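Since the structure comes first, as structure tokens, the remarks are kept for the end.
The values are calculated or read from the model by the stated rules, or taken from the named source; none is laboratory data. Computed from a predicted structure; not experimentally measured. Backbone-built Cβ (ideal geometry, glycine too); neighbour counts: all protein chains shown. Calculation scope for accessible area: heavy atoms of the full protein, side chains included, ligands and nucleic acids excluded. Shrake-Rupley method; radii C 1.70, N 1.55, O 1.52, S 1.80 Å.
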Amino acid sequence: GMGGVGKTTLLKKINNDFLTTSSDFDVVIWVVVSKPSNIEKIQEVIWNKLQIPRDIWEFRSSKEEKAVEILRVLKTKKFVLLLDDIWERLDPLEMGVPRPDARNKSKVVFPTPPIP
């Protein structure tokens, strides 16, 4: 959507509401993507939030191996992933994020990119 209409403000409110009230979700992850998109930086934020042990994480050298590790952990959790400041199409699986479905009841939330 158009810049300045409050997309980030809305995501922050959603994030803060999850942090201050109880919910059925195991983990709420807020990621500012920015431009250019950097899958490794996104994975680092997710890793931090999931508290994957550093020795396991650093043993995974490629973004593909890190995606497998994130996927392994997230598949066991009901999660909300809030992606802010997206400028291009992202594949959640490339980051290691399983697709939300009726079974896992997880959610991925992202506003549409600003219109140039």
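Site pair K49 and V109 shows an inter-label distance of 1.1 nm when each label is modelled 7 Å from Cα along Cα→Cβ. The heavy atoms of E94 present about 80 square angstrom of accessible area, all protein chains included, probe 1.4 Å.
The residues packed around E44, meaning those with a beta-carbon under 11 Å from its beta-carbon, carry a net charge of +3 if Lys and Arg are +1 and Asp and Glu are -1.
Once fully extended, how much extra length lies between N16 and E65, figured as 0.36 nm per residue of separation less the alpha-carbon to alpha-carbon distance? Write out the running numbers ahead of the final one.
Numbers: separation 49, 0.36 × 49 = 17.64 nm, distance 3.10 nm.
Extending this stretch completely gives an extra 14.5 nm.
Computed over Cα pairs, the Kirkwood radius of region 41-107 leads via Stokes-Einstein (1.567 mPa s, 4 °C) to a diffusion coefficient of 104 µm² per second. A cut-off under 13 angstrom between Cβ atoms defines the neighbours of T112, and their net charge, with Lys, Arg +1 and Asp, Glu -1, is -1. Within the shell defined by Cβ-Cβ distances under 14 Å, the residues around I86 carry a net charge of -1, with Lys and Arg each +1 and Asp and Glu each -1.
Find the relative contact order for the chain and round it to a whole percent, using C-alpha pairs within less than 8 Å whose residues are 6+ positions apart. Before the final figure, lay out each step's value.
Values: 159 pairs, mean separation 40.3, N = 116.
Here the relative contact order equals 35 percent.
In the assembled protein chains, S37 presents an accessible area of approximately 30 Å² (probe radius 1.4 Å). Placing unit charges on each Cβ (+1 for Lys and Arg, -1 for Asp and Glu) gives the chain a dipole about its Cα centre, and among L90, F59, L19 the Cα reaching farthest toward its positive end belongs to L19. Compute log10 of I(q)/I(0) for the chain with the Debye formula, placing one identical point scatterer on every Cα and leaving out solvent, at q = 0.12, 0.15 Å⁻¹, to two decimals. Log10 I(q)/I(0), no solvent term: -0.43, -0.67. Accessible area of K41 (1.4 Å probe, protein heavy atoms only, ligands and nucleic acids ignored): about 130 Å².
Give, rounded to the nearest 20 debye, the magnitude of the charge dipole that the chain has about its Cα centre when Lys and Arg contribute +1 at Cβ and Asp and Glu contribute -1 at Cβ.
For this selection, approximately 300 debye.
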